[in-house]
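Input: a single structure, listed below in structure tokens.
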Amino acid sequence: MKLLYSKTSPYSRKVRLVIHEKGLDRLVSCVACNPFENTPELEASNPLGKVPTLILDDGSSLYDSPVICEYLDSLTTKRLLPSSGAGRWTVLRWQALCDGILDAAYNIVMERRRQAPKQSADWITQWKTQIRHSLDTVQGSLGTLPGRVSLAQLSLGTSLGYLDFRLSDLGWRHQCPELADWYEDFSGRDAMQNTRPE
């Protein structure tokens with residue numbers, strides 16, 4: 001299998017975290033690409049031209065990080081996402097919230113790349129508010145994280161890492177000191193260290 005990814009994409013990082021945590025490094029070849037350069041292989045594999053995209057051994061492809069993560073999780077018995085029951089919905093809820101934080105953060109990053117007169121201060125304020133409210137919820141819910149590492153923790157680590165990488169001016173660590181402590185511990189994992197954005 002081949003993963004087309006970007007070194008700075010948080011969605012790609014989440015998939016790469018799954019690969020590392022599950023020990024799938026030998027099954028999945030990770031190929032860095034730039035989705036903004038219309039890479040032919042990426043366009044042929046994903047009509048949206050987005051990363052991450054996973055090309056399967058039969059030539060078909062999967063896209064969207066939750067889909068890819070669930071597929072990769074199905075390849076071994078060491079599951080990051082429970083197959084059923086309340087535990088499954090807890091992990092999926094965490095993933096959805098953390099992906100929402102990523103979406104809002106990514107939108108801010110893209111909006112800030114526009115020329116200053118064309119930027120929407122209202123939209124940026126809205127996205128910042130979404131992030132702050134979500135982080136408050138996350139900090140208050142840390143006790144509901146599964147006891148062992150799951151897709152919930154990987155999603156949370158990805159979103160906080162992206163805030164550090166692209167939006168350090170938000171000051172999320174001061175807003176959520178308990179969450180910052182959690183992240184300091186979690187970010188020491190080998191998978192987190194090996195997938196840091198460049």
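No value in this document is a laboratory result; all are computed from the given coordinates. Keep in mind it's a predicted model, so treat the numbers as computed, not measured. Glycine gets a Cβ as well: all are built from the backbone with ideal geometry, and neighbour counts include every protein chain shown.
A few points about this structure:
- Listed candidates (1) 138; (2) 125; (3) 152 - label of the one calculated as volume of the Cα convex hull per residue in Å³: (2)
- Whichever lysines have a C-alpha closer than 20 Å to that of residue 118, once near sequence neighbours (fewer than 8 apart) are set aside: 128
- 11 Å beta-carbon shell around residue 32, net charge (K/R +1, D/E -1): +1
- Neighbour-limited loop hits for trypsin sites (Lys or Arg not before Pro), the range 77-110 (at most 12 other Cβ within 10 Å; DSSP other than H, G, I, E, B): 78
- Mean separation of Cα contacts under 8 Å, 6 or more apart, over the residue count of the chain: relative contact order %: 24 percent
- Per-selection metrics, the range 85-192 (Cα): Rg and Dmax in Å: 14.5, 50
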